[in-house]
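Worksheet: one structure, shown below.
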Amino acid sequence: MKHLRLMVAAAAATVIGSLFLAVPANAQDVAPVSAQELAPAAEDPWNGQIFLTFDDGPGGSYTDEILAVLEENDAKATFFQLGVNANRDPAGSRAVLAAGHALGNHTWNHPDLTTLTRARIDSQINKTQNLLESYGAEVNCFRPPYGATNTKVNNRIAAAGLQRQMWNVDTKDWTRPGVDAIVDVLLGATPGDVVLMHDGGGDRSQTVEALEIALPQLAAKGYKFGISPKCSPA
Ligand SMILES: [Zn+2]
């Protein structure tokens, strides 16, 4: 009996000993993880924000559905609208603005600006700019259709007082590659990324569905969704 008690005591001592040993080991494990969690935030000039962008709208019900998903996820984004669509659907532009998102200029009817004369480039930019501003938008940024640009185009963008906003993450959603393919690209985004999607120009149901899946997962990583700094109203 005494022997058993000794064995129990010894076992307890071993457990307690390992607990004490475990404390410094755990402390060592915890400290570097905390440092890793703090370091990116401290060094992240984007404050954890991913910049979602939607081109070619307003796109009717798809724009409405995207606005709903963004709201569900406390997300803000930038919509690069076409003048021709915004002119046809003023409510689509106004709904984006009313929800606190930014509008960007994406030309009147989506030409490759590198093929146009200086005067026609100016017309594409200014006609769209005037329309969006007539809806009450402060439009600070411009995205050339197809990303097609050159020195002449860049100069006309600057002459209009706009900042060019390209992208670095392309979901290729306009090709309708399947919801999973769009989700995969979205889940690879990290703070500072400018993500290209579309709310206009065709059936965007895959885009809507992919956002419904990906945004909560990105938010669970601690990421936020904001308006691109070049496009943010003052
Ligand atoms: Zn476009």
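The values are calculated or read from the model by the stated rules, or taken from the named source; none is laboratory data. The shown structure was predicted, so the numbers you read here are calculated from the model rather than taken from an experiment. For neighbour counting, all protein chains shown are included, and Cβ atoms are generated from backbone atoms with ideal geometry for every residue, glycine included. Just the protein is used for accessible areas: all its heavy atoms, side chains included, with ligands, DNA and RNA removed. Shrake-Rupley method; radii C 1.70, N 1.55, O 1.52, S 1.80 Å.
Worth pointing out:
- Surface accessible to a 1.4 Å probe, D112 within the full protein complex, Å²: 50 Å²
- For the stretch 32-181, the alpha-carbon coordinates run over 58, 35, 33 Å along the three principal axes, in decreasing order.
- For the stretch 110-123, 3J(HN,Hα) per residue [Karplus equation, 6.51 cos²θ - 1.76 cosθ + 1.60, θ = phi - 60°, Hz, x = Gly/Pro]: 6, x, 7, 5, 5, 9, 9, 6, 4, 5, 6, 4, 4, 5
- Residues K76, K172 ordered from highest to lowest accessible area at a 1.4 Å probe: K172, K76.
- The calculated FRET efficiency for the pair V84 and A181, based on their C-beta separation and a Förster distance of 30 Å, comes to about 0.55.
- For the stretch 119-232, the solvent-accessible area with a 1.4 angstrom probe is 44 square angstrom per residue.
- Potential lengthening of the chain between Q217 and N130 amounts to 27.5 nm, from the contour at 0.36 nm per residue minus the alpha-carbon distance.
- For the stretch 197-203, the Karplus equation 6.51 cos²θ - 1.76 cosθ + 1.60, evaluated at θ = phi - 60°, returns couplings of 9, 9, 10, x, x, x, 6 Hz by residue, with Gly and Pro reported as x.
- Sorted largest first by accessible area at a 1.4 angstrom probe radius, with every protein chain in place, the residues D203, D180, D122 fall in the order D180, D203, D122.
- Applying the criteria of a DSSP loop state and at most 12 other Cβ atoms within 10 Å to the chymotrypsin sites (Phe, Trp or Tyr not before Pro) of the stretch 147-234 yields no site.
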